[in-house]
Amino acid sequence: MAARPDEYPIEGAAATHSLASLLRRRIVSEGPLPFAGFMAEALYHPVCGYYARGIRQVGRGGDFFTSVSVGPLFGELLARRFLREWRESGEPARWRIIECGAHDGTLAADVLAALKQLSAPAFEALEYAIAEPLPALRHAQGEKLCSFGDRVCHLSAAAEPLPGVAFGNEVLDALPCHLIEWRDGRWCERRVALDEAEAFIWQILEISDARLISALAPLGGVFPDGYRSEVRTSYDDFLAPLSHALSSGLMLWLDYGFERADYYHPARREGTLRTFSQHRAGDDPLVAPGGCDITAHVDFTAVAEAAQALGWQPAALRNQGSWLTETAREWLLEMEGKPQAAALRQFQTLTHPGQLGGSFHALEFRR
């Protein structure tokens, strides 16, 4: 029988030690590990991975700060965008919102509360499905969202397609990535190996993964020797089950990243891979796997190509400030003559170019 969420070994040192031991055994058994495999275990191992170890990573007291941390306005503005999609789709009697990366359910609660207030018919027609593989987070989400009753569920692979929306805030940047390096006029892969003392080290090897070779083909060009970057080959795997659960509608991803030509510009020699712990950025993901967040920017071009292969068409790529300002037009008009100081402060943080508004982008697809 599976352990209850309160039985998971989520103490930091013990979990990190256990995960490091697991990774060492994999390397001994399989050989040097592609970083995508290392990152997947470090973040998503169901017991010892970073995201399985509790719900305290996000916010001022955690490891990183997101738009959700600003306050409930972010969820309300998303709800207004989703409500507009429902209305433009002809107000279907059943529709679905799929959230990825819901963490403890705070953003879901903000979206659902706003939808319930804005439109009772849309709320009553809604299925809010969370795509969540980690048992501990599924438990936390269930507790957080229990007041919304049968409006909320976890996404099933057998779910019938419905019109609706799939979205995620800072999800794509946490998908596992391969690390690449330009050596002697060709691409090589940086893998994780062990030294004689069984410490994790980098090993540069020829690329054998067919999907990675295919993903590298569009990069072209000649790069400086020692140039490093990241490539994800899993966008299609990530998007496919979401696409299958929607008969039509909208996909929305809010994240930081670049289009391909900018991402792989020869001047960007060190890539974008970073770790975060207690709001401090680091550049060595091999230290204490499972003990910190690991992230890399998003190649928006590659996401668009994967979505188009599934029948979705790019509809918008804008910085978060511009996208939220347009989304908030009706809300701003409602505020005229009766401003709410706290909400306006949240709006400024979310949209100001020097804060979250310039750091993040909104990527929309329609089908």
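Please treat every number below as a calculation from the coordinates, not as lab data. Please read these numbers as outputs of a predicted model, since none were measured by experiment. Backbone-built Cβ (ideal geometry, glycine too); neighbour counts: all protein chains shown.
Expected output is a single nm value to one decimal: the length gained when fully extending between Ser247 and Arg186, i.e. 0.36 nm times separation in residues minus the C-alpha distance. What is it?
In short, 17.7 nm is gained.
Give me the percent of DSSP beta bridges within the chain that run antiparallel, rounded to the nearest 5. Don't skip to the end; give the middle numbers.
Details: 35 of 60 bridges.
Percent antiparallel among DSSP bridges in the chain is about 60.
Binned at 5 Å from 0, what are the whole-percent values of the Cα-Cα distance distribution for the stretch 116-204, short to long?
3, 9, 13, 14, 13, 9, 7, 8, 8, 7, 5, 2, 0
Among 72-83, 156-167, how do they line up from the highest to the lowest mean number of other beta-carbon atoms within 10 Å? Don't skip to the answer; put the middle values down first.
Values: 72-83: 22.8, 156-167: 16.9.
Going from most to least packed, we get 72-83, 156-167.
Can you compute 3J(HN,Hα) from phi for each residue in the stretch 190-199, using the Karplus curve 6.51 cos²θ - 1.76 cosθ + 1.60 with θ = phi - 60°, rounded to whole Hz and x for Gly and Pro?
After applying 6.51 cos²θ - 1.76 cosθ + 1.60, I find 8, 10, 9, 10, 10, 8, 5, 8, 6, 8 Hz.
What is the log10 of I(q)/I(0) for the stretch 285-330, computed with the Debye formula using one identical point scatterer on each Cα and no solvent, at q = 0.18, 0.28, 0.33 Å⁻¹?
With one equal scatterer per Cα and no solvent, log10 I(q)/I(0) is -0.78, -0.98, -1.12.
Packing-wise, with mean Cβ within 10 Å as the measure, how do 337-347, 257-267, 93-103, 294-304 rank, highest first?
294-304, 93-103, 257-267, 337-347
If you plug each phi of the stretch 211-228 into the Karplus form 6.51 cos²θ - 1.76 cosθ + 1.60 with θ = phi - 60°, what whole-Hz ³J(HN,Hα) values come out, in order, with x for Gly and Pro?
Values per residue, Gly and Pro as x: 5, 5, 4, 5, 5, 7, 4, x, 5, x, x, 10, 10, x, 4, x, 4, 10 Hz.
Tell me, what is the FRET efficiency for Glu334 and Ser18 to the nearest 0.05, using R0 = 51 angstrom and their Cβ-Cβ distance as r?
Working: r = 51 Å, r/R0 = 1.01.
The formula returns an efficiency of 0.50 here.
Restricting to Cα atoms and excluding each atom paired with itself, what does the Kirkwood estimate give for the stretch 160-281 in Å?
With all distinct Cα pairs of the stretch 160-281 included, I get 16.8 Å.
Could you list Phe65, Phe38 in order of exposure, starting from the residue whose Cβ has the fewest other Cβ atoms within 10 Å? Provide the component values of the computation, followed by the final result.
Details: Phe65 15, Phe38 23.
Ordered from fewest to most neighbouring Cβ atoms within 10 Å, Phe65, Phe38 come out as Phe65, Phe38.
Collect residues whose amide H, placed 1.01 Å from N in the peptide plane, falls under 5 Å from the amide H of Tyr227; neighbours closer than 5 in sequence don't count.
Amide H neighbours of Tyr227: Trp182.
Can you tell me the order of 173-180, 184-191 when each peptide is scored by its average per-residue count of other Cβ atoms within 10 angstrom, highest first? Each step should come with its number before you reach the end.
Working: 173-180: 23.1, 184-191: 15.4.
Packing proxy ranking, top to bottom: 173-180, 184-191.
Only helical DSSP H runs with n ≥ 4 go in: add -39500 (n - 2.57) per run for the chain, normalise by residue count and round the 222 nm mean residue ellipticity to 500 deg cm²/dmol. Each step should come with its number before you reach the end.
Working: 15 runs with 138 residues, N = 367.
It lands at -10500 deg cm²/dmol.
Could you please rank Met335, Met251, Met39, placing first whichever residue has the fewest other Cβ atoms within 10 Å of its Cβ?
Details: Met335 14, Met251 24, Met39 27.
Fewest to most other Cβ atoms nearby, the residues stand as Met335, Met251, Met39.
Give the whole-number value, in cubic angstrom per residue, of the convex hull volume spanned by the C-alpha atoms of the stretch 245-360.
Values: hull volume 20.4 nm³, N = 116.
About 176 Å³ per residue, rounded to a whole number.
Suppose R0 equals 51 Å. What FRET efficiency, 1/(1 + (r/R0)^6) with r the Cβ-Cβ distance, do Ser147 and Gln203 give to the nearest 0.05? Please report the intermediate quantities before stating the final value.
Working: r = 51 Å, r/R0 = 0.99.
That gives a FRET efficiency of 0.50.
Counting only residues 5 or more places away or on other chains, whose amide H sits under 5 Å from the amide H of Val152 once H atoms are built in the peptide plane?
Under 5 Å from the amide H of Val152: Tyr128.
Given bins 20 angstrom wide, list per bin the percent of all Cα-Cα distances in the chain, short to long.
28, 58, 14, 0
Could you pull out every residue, at least 5 positions away or on a different chain, whose amide H is within less than 5 Å of the one on His45? Hs are placed 1.01 Å off N in the peptide plane, and Pro or chain starts have none.
The list, which skips near neighbours in sequence, is Tyr50.
Give me the extension gain from Asp195 to Glu326: residue separation times 0.36 nm, minus the current Cα-Cα distance, reported in nm with one decimal.
Numbers: separation 131, 0.36 × 131 = 47.16 nm, distance 5.32 nm.
Roughly 41.8 nm would be gained on extension.
Got a sec to turn the phi values of the stretch 44-49 into Karplus ³J(HN,Hα) couplings, 6.51 cos²θ - 1.76 cosθ + 1.60 with θ = phi - 60°, whole Hz, x for Gly and Pro?
After applying 6.51 cos²θ - 1.76 cosθ + 1.60, I find 10, 4, x, 10, 9, x Hz.
Over 10 Å intervals from 0, what percent of Cα-Cα pairs in the stretch 36-173 sits in each interval?
All Cα pairs considered, the percentages come to 11, 42, 34, 12, 1.
Nearest 0.05, what FRET efficiency do Glu30 and Ser69 give at R0 = 45 Å with Cβ-Cβ as r? Let's see the in-between values first.
Numbers: r = 38 Å, r/R0 = 0.85.
Here the calculated transfer efficiency is 0.75.
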